[in-house]
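Have a look at this one.
What follows is calculated from the coordinates using simple rules that are stated; it is not laboratory data. All values derive from a computational prediction rather than experimental measurement. Don't worry about glycine lacking a Cβ; one is built from the backbone with ideal geometry, like all the others, and counts go over all protein chains shown.
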Amino acid sequence: MGFFATVWDWFWISVMIFAYIAYLFTLIYIAIDIFRSHDLGGWMKALWFLLLLFVPFITGLVYLIVRGQGMAERSAGRRPDIVEYSDEEVRQVSFANPADEIAKAAALRDQGIITEGEFQALKSKALGNKF
């Protein structure tokens, strides 16, 4: 019987740790949303944040009830900008077209900016060679 008591103790400790970490993540997300919100003035942001610091559980519940819909809209509105930026960034830094990358490296070699060895290294990288 002693073994099962320790297993249940570990189970409940794990549940409590998970709940506490989820609670902390929620408070952090609420704090981020407070400062991200454009419809709140500076004093209201300060008030919400101070209440969140000194009375976190009740303030968190009230904030989620009162401003939860706006929280979701702000988060959803921010998502397309991030995805668009990421796609553009990937296109800029990837070797999507090896011929273009080799041509750029050749132009740098011809201008004397890089050496022949550096050109060969860039060329093999663009072509996917490992040597």
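If packing is taken as the average count of other Cβ atoms within 10 Å, what order do 32-41, 110-119 fall into, highest mean first?
Working: 32-41: 13.2, 110-119: 11.1.
Packing proxy ranking, top to bottom: 32-41, 110-119.
Quick check: pseudo-label points 7 Å beyond the Cα along Cα→Cβ at M16 and L53, how many nm apart are they?
2.8
Kindly state, to the nearest 0.05, the FRET efficiency for V7 paired with Q69, given R0 = 30 Å and r defined as their beta-carbon distance.
Numbers: r = 42 Å, r/R0 = 1.40.
So the FRET efficiency works out to roughly 0.10.
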